1. Can you tell me which residue within the range 163-206, out of those that are surrounded by fewer than 18 Cβ atoms within 10 Å (Cβ to Cβ) and on the phi > 0 side of the Ramachandran plot, is farthest from the chain's Cα centre (by Cα)?
2. Can you tell me which residue among V381, V300 is modelled with pLDDT under 95 and of a type outside the set (F, W, Y)?
3. Just checking, how many residues over the range 466-493 are hydroxyl-bearing (S, T, Y), open to solvent by 10 Å² or more (accessible area, probe 1.4 Å) and touching a Gly at 6+ places or on another chain (Cβ under 9 Å)?
4. Just the residues that are modelled with pLDDT of 95 or more, out of contact with any helix residue (DSSP H, G or I) (no Cβ under 7 Å at 6 or more places or on another chain) and of a type in the set (S, T, N, Q), please, taken from the range 174-210.
5. Among the residues in the range 459-468, are any in contact with an Asp or Glu (Cβ under 6 Å, 6 or more places away or on another chain), more than 30 Å from V298 (Cα to Cα) and either part of a helix (DSSP H, G or I) or aliphatic (A, V, I, L, M) (or both)?
6. Kindly indicate which of L404, L433 is crowded, with 21+ Cβ neighbours inside 10 Å, touching a residue at least 24 places away in the same chain (Cβ under 8 Å), within 23 Å of A342 (Cβ to Cβ) and not hydroxyl-bearing (S, T, Y).
7. Which of the residues spanning the range 146-162 are within 28 Å of S96 (Cβ to Cβ) and either open to solvent by less than 40 Å² (accessible area, probe 1.4 Å) or in contact with a His (Cβ under 9 Å, 6 or more places away or on another chain) (or both)?
8. Given the condition open to solvent by less than 40 Å² (accessible area, probe 1.4 Å), of a type in the set (S, T, Y) and either at positive phi or out of contact with any Leu (no Cβ under 7 Å at 6 or more places or on another chain) (or both), answer yes or no: does some residue in the range 449-465 qualify?
Amino acid sequence: MKRFSNKFLIVALVAATFSSCKKDKWLDTVSQTAISPLDAFKTKDRIANQVTGIYSALKSGQLLGGRYLIYNDARGENFLSNDGNRVTARAAWEFSETSGDNEVNNLWAAAYTTINRANIFLDGMAAEGDAVAGTDAPKFNGEAKFVRAVAYYSLLQFYARPYWDGTGTKPGLPLRLVGITTTGSNNLARSSVLDVYKQILDDLDFAEQNLTATNGTSAVLNVTRAHKNAAIAMKVRVHMSMGNYPAAVTEANKIVSASAPFSATSGVAHRLQADINAVFATGATTTESILSMPFTTVDVPGTQNQLGFYYLPIVTGSNANGAGGIFYLNPSGIWGDATWGAADKRRTDLTTLNGGKQWLTKYKNPGPFLDWAPVLRYSEVMLSLAEALARTTNSVDTRAVSLLSEVRHRSDASVTYTAADFADANALINAILKERNIEFLGEGIRSIDILRLGQDFPAKSIPGVTVTAVGPSHPAYIWPTPSDESRFNALID
């Protein structure tokens, strides 16, 4: 299924939306029975199962289950391509995407499939589901709006100009807020970038107000389902992308204590793990993991979508891992930065040398590559707050220094920053940005930072191929409109 707009996808989408899943285990997304749309809101269990289906769309291997993260890192300078196959993100790496490429069409389709599932659910809840769900209705609606917001934010990072370009006045995305269950609803022009961000923030505000503080005592559900702190953390990311640093500070302060050791004082007790390795252990459900996309042996990301498949080196023989060895670390990227200490655990424990090349091993499991995909981590909130504080105060803010220091010291005990280490606010900001580049290597953050700051995508090269720097004015800075959308939406530009 390649396109969101055609008849066959809509029929399949509706069927998937109203399928039943095992109670309390959205890890298992195998449909057990099919339920008529007319009956989908008749019981609370059926309503709850639809929420499960919305999450399963978000964690598609074409979206947050794999490729969204991969494309964001492939576009940056930290990885070199080990495979010329355009099926495995080579076009993203070399900035040669066309409107007809699978990656351009499939990510768009996966995101709008997710949005449509959320819209159909919200329509059904408004019609009859709220009364059936009773006191659980606000939480269910909050989860649907949270997922819709994440999907729209993800689309903006590829298919629209960054917010700073015209302060959101440039064309954004078709803003679909009503569920599509029949043909004939394809034509919709793009709303502005600002209007899409406003909708994202409206959805996240609603989610924060209506989600529960925690998802009970289940560590799994507190990592794999949205709660108040997840909505807040996502708002921090959104405000950083909009350059609204005072708002980012306001949101982050809700879940970051005033002083070290930093932690969330309400809701899920988020804090850094003492060892970075714990965050990437199999099925990690740590307090640092605000939201992750989980997988099991019966619920896999899909062929050539998995994080481990792309970043692990190929191992053959009795210990064969099934990896594709698609991207290895660029010696001229952050891996080669002399200020990233040799004893840092992110360097010693989360990378490996194989065949003369350095590889990322955050996602260690061999095929079928069931490592959970990280979406939001507490360290991101901490570093975003640090950057926003430095920018809003235009100073070497002591709390910002402490936030930065805690993240670095966690992985490199030899480093403890003080205000005296930074000449001015710009020096502190640059150190924070570098720390983000190290901390979130292979987690889909690098391209987001480049875009929000209006920077060039740096040049990079492998034998026989040189990719020149791609600046903000270059047509390849954002992806083209997918050909499938253009074919079925007469109003898309």
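The values are calculated or read from the model by the stated rules, or taken from the named source; none is laboratory data. These numbers were taken from a predicted model, which means no experiment stands behind them. Glycine also receives a Cβ, built like all others from the backbone with ideal geometry; neighbour counts cover every protein chain displayed. What goes into the accessible areas is simple: the full protein's heavy atoms, side chains included, and nothing from ligands, DNA or RNA. Shrake-Rupley method; radii C 1.70, N 1.55, O 1.52, S 1.80 Å.
1. Selected residue: G184.
2. Going through V381, V300 in turn, just one is modelled with pLDDT under 95 and of a type outside the set (F, W, Y): V300.
3. So the count comes out to 1.
4. S191, S192, Q209
5. yes
6. Within the list L404, L433, the selection yields L404.
7. V150, A151, Y152, Y153, S154, L155, L156, Q157, F158, Y159, A160, P162 - these are the residues of the range 146-162 that are within 28 Å of S96 (Cβ to Cβ) and either open to solvent by less than 40 Å² (accessible area, probe 1.4 Å) or in contact with a His (Cβ under 9 Å, 6 or more places away or on another chain) (or both).
8. No, the range 449-465 contains no residue that is open to solvent by less than 40 Å² (accessible area, probe 1.4 Å), of a type in the set (S, T, Y) and either at positive phi or out of contact with any Leu (no Cβ under 7 Å at 6 or more places or on another chain) (or both).
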